[in-house]
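Written below as structure tokens is the structure these notes are about.
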Amino acid sequence: MKRILLFIMLLFSTISYSKIDISGVNFVNTPITLVSQTKGKWYISGKPTYSKGKLIDNGYTATFIPDTIGTFEITFESKNGEKEINIFEIKSINQFDENKIYDIITESFNSKNLKLLEYGINLLELNFPNSKYINPSYKKAIELSKLDNNFETGLNYLNKLNSNFIGIESEYVDLLTTNYLFYDFFNKTELKIEVLKKLIKYNKNYEKELFITYFNDVKYHNLGLKNLEKYFFENFDIRVANILANYYEKNKNYEKAAFYYSKFNNFLAAKNLLLADKDYSKYLELLSENEKKELASLEENKKDKNRYIEYYKYAQENISKERFELAEIYLKRVLTQSNNNNLKKQSAIDLISIYNLKYKYNNALDIYNNYLKELISLKDIETYYNIGLIYYKLNDKENSLKIFNDIIKKYPKTIWATKSSIYKIRLQKI
């Protein structure tokens, strides 16, 4: 199998990519890249006794880093099991150059090769421990670790960056910001809070970030909510207003949501006042014609919804007084006119109960098939059981057995399964 072997002599006077014969001079601690035309597995199959030579396998390519003089064997194994052994004679130790090592690190960063970047950092640490490139290299490793979603590697270099710090206040703030962005990326709330508290001493603007971090965390949510509200009244910050407005609207505290929306969005303020049954007329002259139409439609839907809620309440009052004919009228209005599925579902269930009580089994099944069937599931176990019972009373063995079997299978340890089993035995005797 023909192979292309590409050796990259990264620590020479320039970083170059060229094809050379394997018998050429290769240096200790000089990365050598091998390239194959097919994907396979690379590994070190032979090396000097005391070598800890490193090989980074990337499938089509591999980077081999000899750490001592001597003979090395690098094996490429293809997917079909064919092997090719490449022999390298490492004959001398290269002289390191600080700038060229940093070039390797930069190239690795640009090509998003975290493993090779780590190797470059290792060379820099060993040969130039006081290099001006150490901290910038750590920052590059931190950024690549985020791309690789590799928290442990990133944390290792972040700790090194922190322990190396000697500088002025502005540089310390920059370091803290690097810490904050790293912990924020990996959603490490406790560590992020710790860093934000330090940053606040140098820049009060980080108070907002701290309070938002509290707010977004279950453990500190209430503390965050309290502090965000206080922060808003002290600073009238639009971003904070937006967070609070969305929060209160989601939790159906529409009046409070309207207050915060009023600071940056007149339409949403008016909409939430409408939902809170409060006067929103002061906003109308500030809205577009389309926004006014949308509010009018929302108000009409709200009135309809309230109307059918009232119908349902009347039906319940009449059921409690056993005035089933009147209850039936109101329940049918909800069922045929309302767009509220939850209200329709409960009205259908109540109607079926009334018809069942009055032995109007076919009427009950009409309601089930025309309205309720699409609104309930097996989880509505009591209603589902009652439908099975109606089929039983109508001598519909097939449909009643189907329902009873469903209940026994899905909810075997319930009273409804026990009842279903009793009727199933009776049906089998028919």
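Each value in this text was obtained by applying a stated rule to the coordinates, not by laboratory testing. The shown structure was predicted, so the numbers you read here are calculated from the model rather than taken from an experiment. Here the Cβ is made from the backbone with ideal geometry for all residues, glycine too, and neighbour counts use every protein chain on show.
What is the calculated FRET efficiency for GLU89 to LYS115, with r their C-beta to C-beta distance and R₀ = 25 Å, to the nearest 0.05? Working from the Cβ atoms, E equals 0.50. 3J(HN,Hα) along the stretch 377-388: 9, 4, 5, 7, 5, 5, 5, 4, 4, 5, 5, x Hz, from the Karplus curve 6.51 cos²θ - 1.76 cosθ + 1.60 with θ = phi - 60°, whole Hz, x for Gly and Pro.
Modelled spin labels at LYS429 and GLU289, positioned 7 Å past Cα toward Cβ, are 7.5 nm from each other. In a fully extended conformation the segment linking LYS419 and GLU125 would gain 98.2 nm over its present Cα-Cα distance, using 0.36 nm per residue.
Quick one: net charge around ILE142, please, counting Lys, Arg +1 and Asp, Glu -1 for every other residue with C-beta under 14 Å from its C-beta.
On the way: positive: LYS112, LYS139, LYS140, LYS146, LYS160, LYS188; negative: GLU118, GLU143, ASP148, GLU152, ASP174, ASP184.
For residues surrounding ILE142, the net value is 0.
Taken along the Cα-to-beta-carbon direction at a fixed 7 Å, the label points for ILE44 and LYS402 span 6.9 nm. Cross-link partners for LYS201 among the lysines, with Cα-Cα distance under 29 Å and sequence neighbours closer than 8 places in the same chain left out: LYS132, LYS139, LYS140, LYS146, LYS160, LYS188, LYS192, LYS219, LYS226, LYS230. For the stretch 377-430, the relative contact order is 30 percent, taking Cα pairs closer than 8 Å that sit 6 or more residues apart in sequence and dividing their mean separation by the residue count. Put the Cα centre of the stretch 136-167 next to the Cα centre of the stretch 301-330 and the gap is 66 Å. Amide H to amide H distances under 5 Å link GLY46 with GLU73, where only residues 5 or more positions off or on other chains count and H is placed in the peptide plane. By how many degrees, between 0 and 90 and to the nearest 10, does the Cα long axis of helix 397-410 differ from the longest principal axis of the chain? The two axes meet at around 40 degrees.
Which value at 222 nm does the chain reach when only helices count, each DSSP H run of 4 or more adding -39,500 (n - 2.57), with the total divided by all residues and rounded to the nearest 500 deg cm²/dmol?
Values: 18 runs with 251 residues, N = 430.
Result for the chain: -19000 deg cm²/dmol, rounded to the nearest 500.
Summary value for the chain: 5 percent relative contact order, contacts being C-alpha pairs under 8 angstrom separated by 6+ residues. Helix 221-235 versus the longest principal axis of the chain: what is the Cα-based angle in degrees, 0 to 90, to the nearest 10? Its long axis makes an angle of about 80 degrees. Evaluated at q = 0.28 Å⁻¹, a Debye calculation over the C-alpha positions of the stretch 96-164 (equal weights, vacuum) places log10 I(q)/I(0) at -1.31. Between the alpha-carbon centres of the stretch 332-359 and the stretch 385-430 there is a gap of 23 Å.
Scan the stretch 43-119 for GluC sites (Glu not before Pro) in coil per DSSP, keeping those whose Cβ has at most 11 other Cβ atoms within 10 Å, and list them by number.
Numbers: sites: GLU73, GLU77, GLU82, GLU84, GLU89, GLU98, GLU107, GLU118; in loops: GLU82.
Qualifying residues, ordered by number: GLU82.
Could you name the lysines whose alpha carbon sits less than 24 Å from that of LYS39, not counting residues in the same chain fewer than 8 places away? Of all the lysines, those that pass the test against LYS39 - Cα under 24 Å, at least 8 places apart if same chain - are LYS2, LYS19, LYS47, LYS54, LYS79, LYS83, LYS112, LYS115. Between helix 341-357 and the chain there is an angle of about 40 degrees, using the helix long axis and the longest principal axis of the Cα atoms.
A Cα-only calculation for the chain places Rg and Dmax at 36.8, 104 Å.
Think of the stretch 165-252 as having a plus end and a minus end, set by charges on the Cβ of Lys, Arg, Asp and Glu; of TYR247, PHE236, PHE186, TYR247 sits farthest toward the positive end of this dipole. Taking a Cβ cut-off of under 12 Å around GLU229, the surrounding Lys, Arg, Asp and Glu residues balance to a net charge of +1, with basic ones at +1 and acidic ones at -1.
Only Cα pairs under 8 Å and 6+ residues apart enter the sum, and on that basis the relative contact order of the stretch 339-401 stands at 28 percent.
Subtracting the Cα-Cα distance of SER320 and GLN37 from their residue separation scaled by 0.36 nm leaves 93.6 nm.
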